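*Asks:* Questions regarding the structure given below will be posed in turn.
Bear in mind that the values in this text are calculations on the coordinates, not laboratory data. The structure presented is a predicted model; accordingly, all values stated were derived computationally and were not measured. Here the Cβ positions follow ideal geometry from the backbone for every residue, glycine too, while neighbour counts run over all protein chains shown.
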Amino acid sequence: MEYDEKRRRLAERLREELNLSERVYNAIKKVPRHLFVPEKYRSEAYVDTPLPIGYGQTISAPHMVAIMCELLDIKEGEKVLEIGTGCGYHAAVTAELVGSKGRVISIERIPELAEIARRNLYALGYENVLVVVGDGSLGYPEEAPYDKIYVTASAPDIPKPLIDQLRVGGKMVIPVGEDYQTLYVVEKEKNRIVRKSWGAVRFVLLYGEHGFRNPEE
Ligand code: SAM
């Protein structure tokens, strides 16, 4: 079966199972996930599972990307901060949702992955994504405030810099925990933060100043 057909089937299954909005369904149906995974995993690109992308990291499962996009309710023209670019797939889906008037800023701590993501995004013509190498647990104050923020690696707690860089009225989605992880939806109101748990998840760990300590450093 051709990749396009496999992708259409996966998107339709996710739409049914997760009750996806048309916008998220269309974005998942459009972004060619097989071009974001290493060649030896291409045939599995439309199986709903994370896959290795090198450097001990993974591309998120399509259902997780879809769920995070739905929880954030990303609108056209918004400015979105992603922590953990990986190979750039989730950033591409978000770029579809914000459109040409919006922007995605994505931070990746592993320079080699950031370079792979840049190449993948450039090859597909995503001009509204900026990939930055750095410690995403510190956010990216240069472009703050953000309408939406999402973190694709699990943190010990919600990093304060990310709360500071979210605009009032903005939303953040972030996994928290080490062995047992919970996905939180965080809403920033004028004088308080409302944090709701969505459910159990499994992500790689967020390392950095407001993340876990990297055992290799
Ligand atoms: N967004 C990706 C996708 O499109 O499927 C998935 C990324 S993977 C699950 C999580 C990424 O977070 C890894 O590439 C990892 O290197 C990165 N990461 C971990 N800690 C980080 C930090 N402090 N700052 C930026 N990236 C970090």
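*Asks:* Does the chain come out rounded, prolate or oblate, given a ≥ b ≥ c as the square roots of the eigenvalues of its C-alpha gyration tensor, rounded meaning a/c under 1.5 and, failing that, prolate meaning a/b above b/c?
*Replies:* rounded
*Asks:* Related question: Order of V201, V176 from fewest to most other C-beta atoms within 10 Å?
*Replies:* V201, V176
*Asks:* Quick one: dipole size for the chain, taken about the Cα centre, charges +1 on Lys/Arg Cβ and -1 on Asp/Glu Cβ, in debye to the nearest 20. It would help to have the intermediate numbers written out before the result.
*Replies:* Working: 30 positive and 33 negative charges, 104 e Å.
Around 500 debye, computed over the chain.
*Asks:* Only counting other Cβ atoms within 10 Å, I'd like V65, V37 sorted with the fewest neighbours first.
*Replies:* So the ranking, lowest neighbour count to highest, is V37, V65.
*Asks:* Next question, about the same structure. Which residue, D164, D179, D135, has the most motion in a Gaussian network model of the chain that connects Cα atoms within less than 10 Å?
*Replies:* Top of the fluctuation ranking is D179.
*Asks:* Among rounded, prolate and oblate, which fits the range 175-216 when a ≥ b ≥ c are the square roots of the eigenvalues of its C-alpha gyration tensor, a/c under 1.5 means rounded, and a/b larger than b/c means prolate?
*Replies:* oblate
*Asks:* For a test of the definition: using alpha carbon positions, the gyration tensor, and the 1.5 limit on a/c, classify the range 1-129 as rounded, prolate or oblate. Write down the numbers at each step before the final one.
*Replies:* Numbers: a/c = 1.58, a/b = 1.04, b/c = 1.52.
Oblate, because a/c is 1.5 or more while a/b does not exceed b/c.
*Asks:* Taking Cα pairs under 8 Å and at least six residues apart, what relative contact order does the chain come out at, in percent?
*Replies:* Across the chain, relative contact order equals 14 percent.
*Asks:* Follow-up. For F36, F203, what ranking results if the residue with the fewest other Cβ atoms within 10 Å of its Cβ goes first?
*Replies:* The fewest-first ordering by Cβ neighbours comes to F203, F36.
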